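Novice: I have a structure here, written as structure tokens, and I will follow up with some questions on it.
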Amino acid sequence: MKCTLQSTPRLPAFSKDGDFVIGGVFSLHYKLHTVIYNYTTKPEPSKSRELRFTRTMMFAVDEINNSTELLPGIKLGYQVYDSCASVPMAVDVAFQLSNGQDPVFYKDSNCSQSGVVLAAVGDSASTPSISISRITGSFNVPLVSHFATCACLSDKQQYPTFFRTIPSDQFQADALVKLVKHFGWTWIGAVRSESEYGNYGMGSFLDAAQREGICVEYSESFFWSDPQSKIQRLAEVIRRSTAMVVVAFIASADMRVLFEELARDPPPPRQWIGSEGWITDPHLMSFSFCAGAIGVGIQQSFWEEAFNCTLTKNAVPNKRLCDGTEDIKTLKSPYTDTSQLRMTNMVYKAVYAIAHAINNAVCQEINATTLCIKNIKLESKQVLSELKKVNFSQNGYPVSFDANGDPVAFYELVNWQKSESGVIDLVTVGYYDASLPKGQEFQINRNISWVEGATQVPVSVCSESCPPGTRKVLQKGKPICCYDCIPCPEGEISNKIDSLDCFPCSSEFWPNAEKDACFHKPVEFLSFDEVLAIILATFSVIGACLAIITAVIFFHHRATPIVRANNSELSFLLLFSLTLCFLCSLTFIGAPSEWSCMLRHTAFGITFVLCISCVLGKTVVVLMAFKATLPGSNVMKWFGPPQQRLTVIFFTFIQVLICIVWLVLSPPFPMKNLTTYKEKIILECALGSAVGFWAVLGYIGLLAVFCFVLAVLARKLPDNFNEAKLITFSMLIFCAVWLTFIPAYVSSPGKFTVAVEIFAILASSFGLILCIFAPKCFIILFQPEMNSKKYLMNKN
């Protein structure tokens, strides 16, 4: 079968015959440049920007051909084409690689298989690589790129034959996001190339940034050939923006156009974060307003240093321009040690990856000797299959591909640092290694020079961080990074920066003044070291002492008429009960306990009933004594001392019985009152049974009212020693105190409830002792002439 080439074949820029031929596609030129030579002057040297890639491929092929370990006895050839950074040219090259150059050839099978190279290295950019891969992939020709980083090329459904030695932009995007997150930047600008490289790369970056809570003030795209007006508009967006940090996922050619426009009117200080597409380009480092830029790059190149030339015209005075005649074979250790190369090393590894795939397809090891068959009919499909499995190390660098044709991601973190001479140098300050455990991939091991030579990390946030004690409230219509800081409401705290919510403290805790921590609520009770408690305790002791002194005075003058006139036995019992009343108020002071809670209420109830019972007995004695003076009356025999004692015991026993029932069924108990005050805990005695408490109090009130009524009935009886008036007045004070106590007790908060109860006990006790006993003591001590039977019998 005869096949005829339908067009004039395009000759490669560089070629070499061999047993097996591999292709190369590089952007040797960025635009067509036609020169008419008149042969009267020497032609200008080549200005190819990627000539070093071609030289690297040529060197690697020669190195492999001279190797005794890899493809021994086999010679590799190459065909290197110039894509001119143009998609149409790249498509033309793809067909050229697929068709070969023979004008006429014969083949029994498909004509298109004749002359196909086994694999190709290239291209440098993602967009032409996509076009080439779509075409060569139809013929199972693998394409191994050294610089095409678009994450889209990892899609094996669309690009099944694409491989690369440079990491995917997905890894680069992750590295850049970790970089931005590491320095606390949450408010950034984003600029990208209007190409697959820029669009896919920035798309991956923005997705990852959103997951990390990073906000984008603006996201703009452009291409170097866009109208000047569009470039100017983009420059104005950068100048007017509030974001300090600008992340640029841009190709080198596009970045130069943008920098040239910004250089006309340099913007306020901006911290540039660069992708590998431009951050390591030495041609861009002349823009001094970008000093401090930081980004990720492939491991460094030493082309200029190795050959003592510059790739940028007039970039370094008195240094010759690299003209493409530099021969890498003249370098011994520097080139063999590829650790100092960036993209050049990626080309080197790509050639070796293809060579290893061919080696695995045509060679086998027999008795520790590698034998290769060079006359075998090798197809690109076989090379593709073996390329997926390659795993080797060249000059210390591992080379392998995952299921998507991507290598393990490793980037250097590079920084544009201005030297003392004012020249910007590219300094490696850290690295990103995707093979390391999560959280350890990103490392910084040198100081970074920031924008304007600052040593402190610049700040780029829409809103300052909310301190602990506040929460974030989003500003309406703005991104999540723009917010206001609102203090936490009462009883709630936030204990971390930029908290979205405040949370309440537990029931026994309360926020501090800053509302950033919970602390134990202060416990409040009427303690003995408080002024109020000391005053009340002092009056309690004074009252008890007063009752004891009165009892001593009465005992000393027990035979006098004024003591004997109204049943001295009841008087002593009343003084005893008053002493207990004064002292029982002390049980209300101090931290409540199980025993003190039961004691304070029962002791108070029983002693007061004993006290009122004695007063009631004395009142009845007065009434009975008056009745006994009437002719024919014998009432006193029914209410003599025994009956008086029984009356006191009976009335007191009823109160004792009420208290026992209360303590058995539902006694008072100590409790923490968390409701009266939010900010503190009140230690108090819960009543247990409210019915029991009010029964005790009600019984006291009932006896007091009954005693008051009897005293009122006896108040006008004609006797100078008649106690009825004094009892009436004392009961009036007693009832007034306890009627006032009830609302005060209910409404008083916290420890003041206890204070009110103690005050009521003391006031009523002092009322009794002063009203009943003070006048008698005054007569005994200061008016003894009135303490006589004669005066007693004297009638007004």
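Novice: Check which residues have an amide H placed less than 5 Å from Gly277's amide H, if you skip close sequence neighbours.
Specialist: For Gly277, the qualifying residues are Ile250.
Novice: Sort the following peptides by mean Cβ neighbour count (other Cβ atoms within 10 Å, averaged over residues), highest first: 226-236, 273-283. Could you put the intermediate results ahead of the total?
Specialist: Working: 226-236: 14.2, 273-283: 24.3.
Per-residue mean Cβ counts within 10 Å order the peptides as 273-283, 226-236.
Novice: Could you give me the ³J(HN,Hα) list for the range 208-213, computed from phi with Karplus coefficients 6.51, -1.76, 1.60 and θ = phi - 60°, whole Hz, x at Gly and Pro?
Specialist: Taking θ as phi minus 60°, the curve returns 5, 5, 5, 5, 8, x Hz for the range 208-213.
Novice: First select every other residue whose beta carbon is under 11 angstrom from the beta carbon of Phe222; then total the charges, Lys and Arg +1, Asp and Glu -1. All intermediate terms of the calculation are to be shown ahead of the outcome.
Specialist: On the way: positive: Arg192, Lys230, Arg233; negative: Glu194, Glu220, Asp226, Asp254, Glu261.
Surrounding charge for Phe222 is -2.
Novice: A further question on this structure: Restricting things to alpha carbons, tell me how big the range 649-704 is in terms of Rg and Dmax, in Å.
Specialist: My reading of the Cα-based Rg and Dmax gives 14.4, 48 Å.
Novice: Which entries of Lys75/Lys381; Lys515/Lys751; Lys476/Lys515 have Cα-Cα distances beyond 24 Å here?
Specialist: Numbers: Lys75/Lys381 20 Å; Lys515/Lys751 27 Å; Lys476/Lys515 26 Å.
Violating the 24 Å limit, Cα to Cα: Lys515/Lys751; Lys476/Lys515.
Novice: Go through the range 770-782 residue by residue and turn each phi into a ³J(HN,Hα) via Karplus (6.51, -1.76, 1.60, θ = phi - 60°); whole Hz please, and just put x for glycine and proline.
Specialist: 6, 6, 8, 9, 4, x, 5, 5, 5, 5, 4, 8, 10
Novice: Using alpha-carbon pairs under 8 Å, 6+ residues apart, how would you state the relative contact order of the range 121-231 in percent? Present the calculation step by step, with values, prior to reporting the outcome.
Specialist: Details: 173 pairs, mean separation 25.9, N = 111.
In percent, rounded to a whole number, it is 23.
Novice: Which of the peptides 20-26, 754-760, 363-369, 214-220 is most tightly packed, and how do the rest follow, judged by the mean count of other Cβ atoms within 10 Å per residue? Walk me through the intermediate numbers first.
Specialist: Values: 20-26: 26.9, 754-760: 21.4, 363-369: 9.3, 214-220: 18.4.
Per-residue mean Cβ counts within 10 Å order the peptides as 20-26, 754-760, 214-220, 363-369.
Novice: Could you list, in their original order, any pairs among Lys178/Lys418; Lys496/Lys678; Lys178/Lys496; Lys181/Lys349; Lys181/Lys521 whose Cα atoms are separated by more than 28 Å?
Specialist: Values: Lys178/Lys418 25 Å; Lys496/Lys678 23 Å; Lys178/Lys496 21 Å; Lys181/Lys349 32 Å; Lys181/Lys521 39 Å.
Flagged as over cut-off: Lys181/Lys349; Lys181/Lys521.
Novice: Residues with amide H under 5 Å of Tyr81's amide H, sequence separation 5 or more or different chain, H placed in the peptide plane at 1.01 Å from N; which?
Specialist: Ala13, Gly24, Val25, Phe26
Novice: A further question on this structure: Near Lys790, which aspartates and glutamates are there with a Cα under 15 Å away, not counting those fewer than 8 places off in the same chain?
Specialist: Cα-Cα hits under 15 Å: Asp719.
Novice: Spelling out what I want: for every residue of the range 59-67, take phi, set θ = phi - 60°, compute 6.51 cos²θ - 1.76 cosθ + 1.60 (Karplus), and round to whole Hz; glycine and proline get x.
Specialist: Once θ is set to phi - 60°, the couplings for the range 59-67 become 5, 4, 4, 4, 5, 5, 5, 8, 7 Hz.
Novice: For the range 470-520, max minus min Cα coordinate along each principal axis, in Å, sorted largest first?
Specialist: Between the extreme Cα coordinates on each principal axis of the range 470-520 lie 40, 15, 14 Å.
Novice: Quick check on the exposure proxy: order Met58, Met343 from fewest to most C-beta atoms within 10 angstrom. Could you put the intermediate results ahead of the total?
Specialist: Details: Met58 19, Met343 23.
So the ranking, lowest neighbour count to highest, is Met58, Met343.
Novice: Quote to one decimal, in nm, the extra length available between Thr369 and Ala403 on full extension: 0.36 nm per residue of separation minus the C-alpha distance between them.
Specialist: Details: separation 34, 0.36 × 34 = 12.24 nm, distance 3.11 nm.
Stretched out fully, the Thr369 to Ala403 stretch lengthens by 9.1 nm.
Novice: Could the peptides 383-391, 79-87 be put in order, highest first, of the mean number of other beta-carbon atoms found within 10 Å of their residues?
Specialist: 79-87, 383-391
All of the numbers you see were taken from the coordinates with simple rules; none came from a lab. The model shown is predicted, which means the values in this text are computed figures rather than measured ones. Reconstructed Cβ throughout: ideal geometry from the backbone, glycine too, with neighbour counts over all protein chains shown.
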